1. Helix 34-45 sits at what angle to the longest principal axis of the chain, using alpha carbons and giving 0 to 90 degrees rounded to 10?
2. Which one is right for this structure if Rg/Rh (Cα atoms, Kirkwood Rh) is calculated from it: (i) 1.26; (ii) 0.93; (iii) 1.17?
3. Quick check on packing: order 18-25, 1-8 by the mean number of other C-beta atoms within 10 Å, highest mean leading.
4. Restricting to DSSP H runs of at least four residues, report the calculated mean residue ellipticity at 222 nm for the chain, -39500 (n - 2.57) per run over all residues, nearest 500 deg cm²/dmol.
5. Counting pairs of alpha carbon atoms under 8 Å apart in space and at least six apart in sequence, what relative contact order in percent does the stretch 2-45 give?
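Just so it is clear, none of the values below were taken in a lab; they were calculated from the coordinates. This structure is a prediction, so every number in the text was calculated from the model and none was measured. Note that each Cβ is placed from the backbone with ideal geometry, even for glycine, and that neighbours are counted across all protein chains shown.
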Amino acid sequence: MLSGTMNRQVQTANSLELKGIPHHTDARLNEFDYFGLSNNLQREHGIEPPIKGQSF
């Protein structure tokens, strides 16, 4: 099992009680600045942010 290192992520992973499955953490799965990332993708690559309710 893999989760981020934030307390709530570790607590959620531990609450699954998956006995015998090792739990590893990786800080790259922690929360990120969605709006900063979205704005950068739009500015640098012309990728528009998703529209609420839009499906693919």
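1. 40
2. Answer label, from the structure shown: (iii).
3. Numbers: 18-25: 9.0, 1-8: 12.9.
Answer by packing, highest mean first, reads 1-8, 18-25.
4. Details: 2 runs with 21 residues, N = 56.
Helix-only estimate at 222 nm: -11000 deg cm²/dmol.
5. Working: 28 pairs, mean separation 19.8, N = 44.
Result for the stretch 2-45 is 45 percent.
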